[in-house]
Amino acid sequence: MNPMRGKKHRNTRNRDEGRGSPQGSPVSPLLSNIYMRRFVLGWKKLGHERRLGACIVNYADDLVICCRGRAEEALAAMRVMMTKLKLTVNESKTRVARLPEERFDFLGYTFGRCFSPQTGRAYLGTVPSKKRVMRICAVISTETGRTKLPLEPEKVVESLNRTMNGWANYFCLGPVSQAYRVIERHARRRLRQWLCRKHQVHWPAIHRFSDRYIDQQLGLIRLSQRTTSFSWAKS
């Protein structure tokens, strides 16, 4: 008797129909670049770039079409071309965003109207998206969870530093200070909670596990200090 008989398998549509490549497969970005190259070359050859004043910015299968005033036409032309290439447009992630009134996310950054903290002047810029900030905070929470209690504090801090450094190395453009502070506060709070559980100390134990102890003895990095060398990131 098959114990799985009668149970529904929860797979993606592509997997059920035998289409596409497995998520995370190294061939996936290769195929994306091959198809996107055909799309970009066709976009120019068909005259869409010149006619609509629409430039394509893409990374693998993620793309943004930048134009002035003819976004709906550009979107329609893109759909037609994708159909001819036998590609499916993800409609849930496809929309027209009118800057500066609206914002959009691309490659982990949010593009839109920003304000200078010194002058208050508005400008078009980028900040790390809220989704990416929430994602790194979730990773930090996992790395300071109960399953990590058997580890030494130095090992936990080493893992946290590696995670936060890697994130900040990518998200270093634009006014990033606010995002850095959010992540830094979350890491400190989670590490202090982890230390309390490990040593069975009543929370919050701010005196025993002070900022000085976390900084100097354990060596948790201060992301906010990185921005001192970023002339564009101070906000």
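The values are calculated or read from the model by the stated rules, or taken from the named source; none is laboratory data. Please read these numbers as outputs of a predicted model, since none were measured by experiment. Counting neighbours? That spans all protein chains shown, and the Cβs are built from the backbone with ideal geometry, glycine included. All accessible areas refer to the heavy atoms of the entire protein, side chains included, with ligands and DNA or RNA removed. Shrake-Rupley method; radii C 1.70, N 1.55, O 1.52, S 1.80 Å.
In the set (1) modelled with pLDDT of 95 or more; (2) in contact with a helix residue (DSSP H, G or I) (Cβ under 6 Å, 6 or more places away or on another chain); (3) surrounded by fewer than 19 Cβ atoms within 10 Å (Cβ to Cβ), the condition left unmet by residue 203 is number (1).
Against the criterion of being at pLDDT 95 or above and either touching an Asp or Glu at 6+ places or on another chain (Cβ under 7 Å) or assigned to a helix (DSSP H, G or I) (or both), residue 80 qualifies. When 42, 20, 53, 108 are checked against the criterion of being in contact with a helix residue (DSSP H, G or I) (Cβ under 8 Å, 6 or more places away or on another chain), modelled with pLDDT of 90 or more, at positive phi and surrounded by 13 or more Cβ atoms within 10 Å (Cβ to Cβ), a single residue qualifies: 108.
One line per residue, one yes/no per condition, for (1) in contact with a Ser or Thr (Cβ under 9 Å, 6 or more places away or on another chain); (2) assigned to a helix (DSSP H, G or I); (3) among the small types (Gly, Ala, Ser):
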{"position": "150", "(1), (2), (3)": "no, no, no"}
{"position": "180", "(1), (2), (3)": "yes, yes, no"}
{"position": "186", "(1), (2), (3)": "yes, yes, no"}
{"position": "196", "(1), (2), (3)": "no, yes, no"}
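Got at least one residue in segment 203-222 being of a type in the set (Phe, Trp, Tyr), in a helix (DSSP H, G or I) and under 20 Å from residue 128 (Cα atoms)? Scanning segment 203-222 turns up no residue that is of a type in the set (Phe, Trp, Tyr), in a helix (DSSP H, G or I) and under 20 Å from residue 128 (Cα atoms).
Just one of the listed residues (194, 167) is in contact (Cβ under 8 Å) with a residue 24 or more places away in the chain, surrounded by 12 or more Cβ atoms within 10 Å (Cβ to Cβ) and more than 30 Å from residue 100 (Cβ to Cβ), namely 194. Filtering segment 114-135 to residues that are open to solvent by 20 Å² or more (accessible area, probe 1.4 Å), in contact (Cβ under 8 Å) with a residue 24 or more places away in the chain and under 15 Å from residue 104 (Cα atoms) leaves 124, 126, 127, 131, 132. Restricting attention to segment 109-141, the residues that are hydrophobic (A, V, I, L, M, F, W, C) and in a strand (DSSP E or B) add up to 6. Inside segment 56-69, residues that are open to solvent by 30 Å² or more (accessible area, probe 1.4 Å) and part of a loop (DSSP other than H, G, I, E, B) make up a count of 4.
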